[in-house]
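Colleague: One structure, pasted below without further comment.
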Amino acid sequence: MTDPVPVWHRLAGSSVLLDGFHALKHAVRFGAEVPVAVTADRAATLALADELAPDVRDALAGLLTEVPYETYASFVPRPHPTAVAALAVRPSRESHLARLARTPRTAPVVVLDNPRNLGNAGAVIRLAAGFGATGVVTTGTVDPWHPTVVRGGAGLHFATAVERLEVADLPAGPLFALDPEGDDLRATKLPDDAVLAFGSERTGLSTELRARADHLLSLPMRPQVSSYNLATSVAMTLYHWSLAAPLQGRGELRE
């Protein structure tokens, strides 16, 4: 069996870190190329796969190498409770841009305008994957494939198209931007080819994106409540869209 340590050190700088069992599970399930995967307890990890992901259990068995806990912990910023980590090949930007640009679309694109909180960005990607969104685009300086974002997204970056773009380069389609001054979301039917834009957690929509918006929409909110969490706002909006979309299967509720 190949020693995973030199392979890890050789690939770490150019690969996507899959931090934890669930990130690896989802990446494998959605076709990621995983050249190296480690666990501090192979038997426990495969038992978890038997319970939560029997569809990819055999694939995980072929990928995982057991290493001492100290070796595993040296590979990650902070150890995950499942003591699993892997490296995956990042999908090509060209393929993602082609998917985002393809029309007609059957599901919206979510845009995060200059997000600041990496965990929130990851949670949005997880939501978008769950709703079958075409993709998630970020503007600004945050790398949407940062390890903290991937951890927050539980590896579901591989289930949708995730890229960073300038506002001027956003995918085509009617742009609906969430803003407190907008029309009530509940009175608007969101088309499948919508581009749904959400502002930064602190500063809201940028001037550039707001100027590009075709429609401003607001979420129902009790007076004197300041705001919703970014992921909550995205969830409410995608759920509103999904009410008119075909029913999809139910997923896991586990962490």
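Colleague: Skipping prolines and chain starts, which residues have an amide H placed within reach, meaning under 5 Å, of the one on residue 20, given they are 5 or more residues away or on another chain?
Modeller: Answer set, sorted by chain and number: 84, 85, 86.
Colleague: As a test question: what accessible area, to the nearest 10 Å², does residue 90 have when a 1.4 Å probe is rolled over all protein chains in place?
Modeller: 100
Colleague: GNM, the chain, Cα, under 10 Å: largest mean-square fluctuation among 47, 133, 32?
Modeller: Taking springs between Cα atoms under 10 Å, the residue moving most is 47.
Colleague: Here's something else I'd like to know. Could you tell me whether region 58-165 comes out rounded, prolate or oblate from its Cα gyration tensor? Rule is a ≥ b ≥ c as square roots of the eigenvalues, rounded for a/c under 1.5, then prolate if a/b exceeds b/c, otherwise oblate. Intermediate results must be reported in sequence, preceding the final value.
Modeller: Working: a/c = 2.42, a/b = 1.72, b/c = 1.41.
Prolate is the answer for region 58-165, as a/c is 1.5 or above and a/b outweighs b/c.
Colleague: Give the residues of region 77-121 whose amide nitrogen is closer than 11 Å to a point set 7 Å from the Cα of residue 172 in the direction of its Cβ.
Modeller: 101-105
Colleague: Name the shape class, rounded, prolate or oblate, that the alpha-carbon gyration tensor gives for region 110-255, where a ≥ b ≥ c are the square roots of its eigenvalues, rounded holds for a/c under 1.5, and otherwise prolate holds if a/b is larger than b/c and oblate otherwise.
Modeller: Working: a/c = 1.34, a/b = 1.13, b/c = 1.19.
Here region 110-255 falls in the rounded category.
Colleague: OK, next. What list of ³J(HN,Hα) couplings, whole Hz, do you get for region 92-99 from phi and the Karplus terms 6.51, -1.76, 1.60, once you set θ to phi - 60° and write x for glycine and proline?
Modeller: 3J(HN,Hα) across region 92-99, in whole Hz: 5, 4, 4, 5, 5, 5, 5, 5.
Colleague: Give the percent of DSSP beta bridges with both residues in the chain that are antiparallel, rounded to the nearest 5.
Modeller: Values: 9 of 32 bridges.
Beta bridges within the chain, antiparallel portion: roughly 30 percent.
Colleague: While we're here: Rounded to whole Hz and in sequence order, give me ³J(HN,Hα) for region 142-151 from the Karplus expression 6.51 cos²θ - 1.76 cosθ + 1.60, θ = phi - 60°, writing x for Gly and Pro.
Modeller: 6, 7, x, 9, 4, x, 5, 5, 5, 5
Colleague: Does anyone have the angle between helix 118-131 and the longest principal axis of the chain? Alpha-carbon axes, 0 to 90°, nearest 10?
Modeller: 80
Colleague: For region 29-36, just list the computed ³J(HN,Hα) in residue order, Karplus coefficients 6.51, -1.76 and 1.60, θ = phi - 60°, integers in Hz, with x standing in for Gly and Pro.
Modeller: 4, 9, x, 5, 8, 10, x, 8
Colleague: Given labels modelled 7 Å from the Cα in the Cβ direction, how far is it in nm from residue 61 to residue 30?
Modeller: That separation, rounded to one decimal, is 2.6 nm.
Colleague: Residue 161's amide H: which non-local residues (gap 5+, or another chain) put their own amide H closer than 5 Å, with H modeled 1.01 Å from N in plane and none for Pro or chain starts?
Modeller: Long-range HN contacts for residue 161: 135, 136.
Colleague: Once label points are set 7 Å from the Cα along Cα→Cβ at both residue 224 and residue 50, what is their separation, rounded to one decimal in nm?
Modeller: Taking the simple label geometry, residue 224 and residue 50 are separated by 5.5 nm.
The values are calculated or read from the model by the stated rules, or taken from the named source; none is laboratory data. Just so it is clear, the model here is predicted, and its values are computed rather than measured. In this analysis, Cβ positions are derived from the backbone assuming ideal geometry, glycine residues included, and neighbour counts consider all displayed protein chains. Only protein heavy atoms, including side chains, enter the accessible area calculation; ligands, DNA and RNA are left aside. Shrake-Rupley method; radii C 1.70, N 1.55, O 1.52, S 1.80 Å.
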